[in-house]
1. Wholly within region 1-111, which helices (runs of 4 or more DSSP H) include no fewer than the required count, namely at least 2 residues that are small (G, A, S)?
2. Residues being of a type outside the set (S, T, Y) and either within 27 Å of P124 (Cβ to Cβ) or surrounded by 21 or more Cβ atoms within 10 Å (Cβ to Cβ) (or both): count how many of those fall in region 46-60.
3. Just to be sure, is Y287 out of contact with any strand residue (DSSP E or B) (no Cβ under 6 Å at 6 or more places or on another chain) and within 15 Å of the ligand (Cβ to nearest atom)?
4. What number goes with the only condition from (1) modelled with pLDDT of 95 or more; (2) assigned to a loop (DSSP other than H, G, I, E, B) that I154 does not pass?
5. Being acidic (D, E), within 16 Å of the ligand (Cβ to nearest atom) and surrounded by fewer than 19 Cβ atoms within 10 Å (Cβ to Cβ) is the filter here, so list the residues in region 290-321 that pass it.
6. When residues of region 214-258 are filtered for being within 16 Å of the ligand (Cβ to nearest atom), assigned to a strand (DSSP E or B) and among the aliphatic types (A, V, I, L, M), how many remain?
7. Which of the residues belonging to region 328-340 are away from the ligand (no atom under 14 Å from the Cβ) and either free of Cβ contacts under 8 Å to residues at least 12 places away in the same chain or of a type outside the set (K, R) (or both)?
8. Which of the residues spanning region 102-125 are surrounded by fewer than 24 Cβ atoms within 10 Å (Cβ to Cβ) and of a type outside the set (A, V, I, L, M, F, W, C)?
Amino acid sequence: MNKFIEIRRDLHKIPEVGYQEYKTQSYLLQYIDTLPQENLSVKTWETGIFVLVNGKGNNPKTLAYRTDIDGLPIAEQTGLSFSSEHQGFMHACGHDFHMSIALGVLTALASQPIDHHVLFIFQPAEEGPGGAARMLQSDEMKAWMPDEIMGLHIAPEYQAGVLAVKKGLLFANTSELKIVLTGKGGHAAYPHKTKDMIVAGAHLITQLQSIVSRSIDPLNSAVVTVGKLEAGTIGNIIAETAELNGTMRSLDPEVMETLKTRVKAISNGIALAFDCEVKVEFNQPYYMVYNDHQLTEDFMSFASGYNGIDCIECEKAMTGEDFGYFLKEIPGFMFWLGVGSEYGLHHAKLNPDEKAIEPAITFITDYLRSK
Ligand SMILES: CC(=O)N[C@@H](CCC[C@H](N)C(=O)O)C(=O)O
């Protein structure tokens with residue numbers, strides 16, 4: 001079996017959520033330690049890692065290649081022989097692929113550096129609470145601030161061998177949403193003596209769905225998703241509290257402001273209607289992923305002439321990525337890597353095609369060598 005497929009499988013077994021990627025970091029460091037060290041400088045940052053491959057040219061730029069390293073709190077249902085050994089956690093967003101591909105490119109460049117320096121960024125906490133913005137502020141990154149940056153994300157909807165990219169806006173602005181409702185619990189048989197937060201929460205969730213359909217111009221795009229609801233203990237006790245967690249997406253920062261205003265207004269309305277307290281928090285905003293026009297065009301023209309790669313121009317997506325923070329400061333781009341899986345990102349049965357790994361390593365290495 002190919003070494004980087006083996007690495008992907010090893011990493012797949014040990015998914016860890018943001019800033020708890022201890023085993024992942026240690027696995028990555030152990031592997032990096034096996035590479036020829038003469039051209040490498042390695043620094044850890046929290047649970048992440050920076051690796052600089054020193055360039056050989058006289059006037060080197062610093063090019064950066066970023067991978068995220070965290071997993072998700074999802075119980076895997078793939079039935080694969082190398083399934084997650086961390087009960088309730090899974091690499092369901094492909095970061096195991098992202099890491100093994102990054103290690104593959106690093107392996108190639110460590111023994112044969114290019115003219116430019118190449119900074120490999122192994123970034124924690126992409127799924128939350130976010131690592132890119134904090135890494136950018138770190139002394140480690142400031143010392144090696146790149147001139148250009150690139151990164152990829154697996155795409156289950158495209159087959160292995162396909163790359164998809166576009167100039168300009170690729171991914172949405174996001175904001176996490178937390179709403180806590182507090183009423184009064186009590187006996188299920190005496191509802192008039194209580195303030196039932198399951199009923200209030202249910203009304204709130206239903207009304208939140210009206211924001212996109214009734215407050216946003218249909219020619220704009222937005223998402224309000226409640227992905228988690230926690231309330232109650234048992235069937236015959238009225239719930240005193242309910243907590244909703246969700247995410248909001250927009251392609252335009254102004255639309256995000258409208259989403260926030262409407263969420264607050266509807267929550268205040270629910271507080272009045274159900275005589276309860278409703279606290280709203282907007283957390284962990286992610287800045288949109290906006291690809292540099294020229295660098296993306298150059299990348300597309302390199303890819304279109306590349307044997308075995310089918311590079312297509314895609315539409316923007318409502319996914320979020322804190323890679324957007326890197327792109328806000330450093331010109332660069334993100335692209336989708338096809339991995340053909342029947343089940344999509346964030347699904348417990350996501351099973352990306354490992355045939356995508358080796359060609360991606362060769363292609364990205366050759367692209368960096370072409371710079
Ligand atoms: C590519 C991908 O699936 N990214 C995630 C990351 C967003 C996290 C963010 N904190 C949020 O949920 O708002 C996504 O869900 O798009």
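The values are calculated or read from the model by the stated rules, or taken from the named source; none is laboratory data. This one's a predicted model, so the numbers in the text were calculated from it and none came from an experiment. Here Cβ is always computed from backbone atoms with ideal geometry, including for glycine, and neighbour counts include all displayed protein chains.
1. Where helices (runs of 4 or more DSSP H) fall fully within region 1-111 and carry at least 2 residues being small (G, A, S), they are 95-111.
2. Qualifying residue count for the region: 9.
3. Considered against the rule, which asks whether it is out of contact with any strand residue (DSSP E or B) (no Cβ under 6 Å at 6 or more places or on another chain) and within 15 Å of the ligand (Cβ to nearest atom), Y287 comes out as yes.
4. Unmet condition: (2).
5. E315 - this is the single residue of region 290-321 that is acidic (D, E), within 16 Å of the ligand (Cβ to nearest atom) and surrounded by fewer than 19 Cβ atoms within 10 Å (Cβ to Cβ).
6. 7
7. Matches in region 328-340: E329, I330, P331, G332, F333, G338, G340.
8. Those that are surrounded by fewer than 24 Cβ atoms within 10 Å (Cβ to Cβ) and of a type outside the set (A, V, I, L, M, F, W, C): G104, T107, S111, Q112, P113, D115, H116, H117.
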